[in-house]
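Enquirer: Submitted below is the structure of interest, expressed as structure tokens.
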Amino acid sequence: MPPAALDASLDIQGPALGCAAECMPVLQALRHWFGIESANEAYEADIDQLPTFVAHSGEQVVGFVSVKHHFPASAELYVLGVRPERHRQGIGRRMLYQVEAWLREQGVEYLQVKTRGPSQPDEGYERTRAFYRALGYQPLEEMLTLWDESNPALLMVKRL
């Protein structure tokens, strides 16, 4: 059961396609995590094609999650973000509860997410990994060359 919202006006809509225009300002506000312009251009194109959940607080988009299905029983939290000034307010947690419920309804058993691995220490990414661990995601493998040698990827999984 999701925790009580600190923001009573928080409304999470989705899944929907064609959400890139709404989501990109959130991504652009997260330069520490999403600072590679070529990757952001790819995210923009992909977000429009993927089922996406968008969190609104009043008129402002404060977060989003785009989901990629790999197989009938598995999916990925492909790209997600919450505006930095809204971190630690339960928005990401509430979005993921909704995404996971939707995926369970479709018969998805495993959900994965990739984030920066621990072999490249970074305080921001340690908070990201802690967020996922708190929601039940377990580290499965660190891949040192998936993205590039200076950006190790950690694969985390959760059984739904």
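Enquirer: If all Cα-Cα distances of segment 1-95 are sorted into 5 Å bins from 0 onward, what percent lands in each bin, rounded to whole numbers?
Expert: Final binned percentages: 3, 14, 25, 25, 19, 11, 4, 0.
Enquirer: Considering only DSSP states other than H, G, I, E and B, which GluC sites (Glu not before Pro) in segment 1-85 qualify as loop sites with at most 16 other Cβ atoms within 10 Å?
Expert: Loop-located and lightly packed - 59.
Enquirer: Can you give the relative contact order of segment 30-116 as a percent, counting alpha carbon pairs under 8 Å and 6+ residues apart?
Expert: Normalised by residue count, the contact order of segment 30-116 is 25 percent.
Enquirer: Within 10 Å of each residue's Cβ, count the other Cβ atoms and sort 91, 12 from fewest upward.
Expert: 12, 91
Enquirer: Evaluate E = 1/(1 + (r/R0)^6) for residue 42 and residue 11, where r is the Cβ-Cβ distance and R0 equals 35 Å; express this FRET efficiency to the nearest 0.05.
Expert: 0.80
Enquirer: Of the trypsin sites (Lys or Arg not before Pro) in segment 68-160, which ones lie in a loop per DSSP and count no more than 12 other C-beta atoms within 10 Å?
Expert: 88
Enquirer: Can you tell me, using C-alpha contacts under 8 Å and at least 6 residues apart, the relative contact order of segment 10-159 as a whole percent?
Expert: 19
Enquirer: Taking amide hydrogens as modeled 1.01 Å from N in the peptide plane, which residues meet the under 5 Å criterion relative to residue 78, leaving out close sequence neighbours?
Expert: Here the answer is 66, 67, 68, since their amide H atoms fall under 5 Å of that of residue 78.
Enquirer: Which cross-chain or sequence-distant (5 or more) residues have an amide H under 5 Å from the amide H of residue 143, H modelled 1.01 Å from N in plane?
Expert: Counting only residues 5 or more places away or on other chains, the set is 153, 154, 155.
Values quoted throughout were computed directly from the atomic coordinates according to the rules given, and no laboratory measurement underlies them. A quick note: this is a predicted structure, and the numbers were derived from the prediction, not measured. Note that each Cβ is placed from the backbone with ideal geometry, even for glycine, and that neighbours are counted across all protein chains shown.
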